[in-house]
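**Student:** Submitted below is the structure of interest, expressed as structure tokens.
The values are calculated or read from the model by the stated rules, or taken from the named source; none is laboratory data. The model shown is predicted, which means the values in this text are computed figures rather than measured ones. Virtual Cβ from ideal backbone geometry, glycine too; neighbours counted across all protein chains shown. For accessibility, only protein heavy atoms count, side chains too; no ligands or nucleic acids. Shrake-Rupley method; radii C 1.70, N 1.55, O 1.52, S 1.80 Å.
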Amino acid sequence: MTIIDGKKLSQKIREEIKVEVNEMKKEGLTPGLAVILVGNDPASQTYVKMKKNTSAEVGIYSVVHEFPETISEKELLSTIDMINENPNIHGLLIQLPLPKHIDTTKILERVSPAKDVDGFHPYNMGRLVEGLESFVPCTPLGVMEMFKEYKIDLYGKDVCVVGASNIVGKPMWALLVNEMATVDICHIATKDLKEHTKRADIVVVGVGKPNLITADMVKEGAVVIDIGINRLDNGKLVGDVDFENVSKKASFITPVPGGVGPMTIAMLLKNTLKAARNFAKKGS
Ligand code: NAD
């Protein structure tokens, strides 16, 4: 059994990005990332801080626009318009979740698709499903990097994706289908989850429920990717997979922490670099 080391791989990717950012700076362009943070959710604040720190570490300029919970949708939309027009900012992300009085879809659709480094705009989603060049959501993109690094072949494989959200499960499904895997996608309404996971060569789970995937649910030698992040009452961070027992059957498995999590941030930096490169190519 091999433990897929997301921390190490993300470090390697960040080093590569740093080199590229330096080269870009020599040519007079500093990649810029803007983050919009609304409200005081502690988890969102932590994620934004991490994004800012890792951007700085690789030389990407970043700016955080912080707003109180009470901000109106109109104000938020005009901030997005302003950032869309700013030539020094190449990537823009809206930290989710947004307060209930704000229409998240409307906000995400206002982000210029060319600056959509989270890959949540329907334009990029549509292109991803069609197998065209696009910005791909960072978490599933990070999982694909792991498959590549560990030479896990996807062609013709049976993959079960558990969790069908727009930011994790659905783009994961599209990426895998584009690599010619046969993909089952399961969610809360799936009748018999085990029936699906048990026959898969690769199980990718992103739900948010500790111990959802137990050893009896995976076949011997399966590859198991755990995207879930759950904080237990005792403060311990765990994924959705019963790691201790599932790892005894798996051929490859990701740990939590130190698996998919660090890859997500590395992919955000990669997408920002790509947005800056596209901007430079366009010459505007
Ligand atoms: P979400 O709540 O939007 O979606 C959860 C999905 O799981 C839904 O499709 C739902 O139908 C499905 N689901 C819920 N209960 C289920 C069950 N019992 N059986 C099967 N499917 C079930 O969540 P999300 O934003 O997609 O995040 C999912 C998990 O991934 C969370 O733990 C989140 O913290 C984590 N996450 C991790 C990263 C990372 O960088 N590692 C990034 C994003 C999300």
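**Student:** Of everything in region 211-221, what is within 14 Å of the ligand (Cβ to nearest atom) and buried (at least 18 other Cβ atoms within 10 Å of the Cβ)? Give them in sequence order.
**Tutor:** If the condition is that a residue be within 14 Å of the ligand (Cβ to nearest atom) and buried (at least 18 other Cβ atoms within 10 Å of the Cβ), then Leu212, Ile213, Met217 are the ones that fit.
**Student:** Check Glu133, Glu109 and return the single one that is away from the ligand (no atom under 16 Å from the Cβ) and either free of Cβ contacts under 8 Å to residues at least 12 places away in the same chain or among the aromatic types (Phe, Trp, Tyr) (or both).
**Tutor:** The match here is Glu133.
**Student:** If we keep just the residues of region 157-170 that are of a type in the set (Gly, Ala, Ser) and in a loop (DSSP other than H, G, I, E, B), which is surrounded by the fewest Cβ atoms within 10 Å (Cβ to Cβ)?
**Tutor:** Step by step, filter region 157-170, then rank; the result is Ser165.
**Student:** Hey, another quick one. Restricting to region 171-189, what's the tally of residues that are assigned to a helix (DSSP H, G or I) and within 14 Å of the ligand (Cβ to nearest atom)?
**Tutor:** Within region 171-189, residues that are assigned to a helix (DSSP H, G or I) and within 14 Å of the ligand (Cβ to nearest atom) number 3.
**Student:** From the list Lys236, Lys191, Lys209, Lys151, pick out the single residue that is out of contact with any Cys (no Cβ under 9 Å at 6 or more places or on another chain), at positive phi, at pLDDT 95 or above and charged (D, E, K, R).
**Tutor:** Among Lys236, Lys191, Lys209, Lys151, only Lys151 is out of contact with any Cys (no Cβ under 9 Å at 6 or more places or on another chain), at positive phi, at pLDDT 95 or above and charged (D, E, K, R).
**Student:** Every residue in region 198-227 that is without any contact (Cβ under 8 Å) to a residue 40 or more places away in the chain and in contact with a Leu (Cβ under 9 Å, 6 or more places away or on another chain), please.
**Tutor:** Within region 198-227, Pro210, Met217 meet the criteria.
**Student:** What's the number of the only condition in (1) charged (D, E, K, R); (2) away from the ligand (no atom under 16 Å from the Cβ); (3) without any contact (Cβ under 8 Å) to a residue 12 or more places away in the chain that Asp192 fails to meet?
**Tutor:** (2)
**Student:** Can you pull out the residues in region 228-241 that are open to solvent by 20 Å² or more (accessible area, probe 1.4 Å), in a loop (DSSP other than H, G, I, E, B) and within 12 Å of the ligand (Cβ to nearest atom)?
**Tutor:** Ile229
**Student:** Further question on the same structure: When you scan region 242-253, do you find a residue that is open to solvent by 40 Å² or more (accessible area, probe 1.4 Å), within 11 Å of the ligand (Cβ to nearest atom) and either of a type outside the set (Phe, Trp, Tyr) or without any contact (Cβ under 8 Å) to a residue 40 or more places away in the chain (or both), even just one?
**Tutor:** No, region 242-253 contains no residue that is open to solvent by 40 Å² or more (accessible area, probe 1.4 Å), within 11 Å of the ligand (Cβ to nearest atom) and either of a type outside the set (Phe, Trp, Tyr) or without any contact (Cβ under 8 Å) to a residue 40 or more places away in the chain (or both).
**Student:** Name the residues in region 195-210 that are open to solvent by 30 Å² or more (accessible area, probe 1.4 Å) and within 11 Å of the ligand (Cβ to nearest atom), would you?
**Tutor:** Within region 195-210, His196, Val207, Gly208, Lys209, Pro210 meet the criteria.
**Student:** If I filter region 259-279 down to residues being open to solvent by less than 20 Å² (accessible area, probe 1.4 Å) and under 14 Å from Ile225 (Cβ atoms), which single residue comes out as nearest to the ligand (Cβ to nearest atom)?
**Tutor:** Val260
**Student:** Another question, if that's okay. For Asn40, state whether it is touching a residue at least 40 places away in the same chain (Cβ under 8 Å), open to solvent by 10 Å² or more (accessible area, probe 1.4 Å) and more than 16 Å from the chain's Cα centre (by Cα).
**Tutor:** Taking the combined requirement at face value, the residue does not satisfy it.
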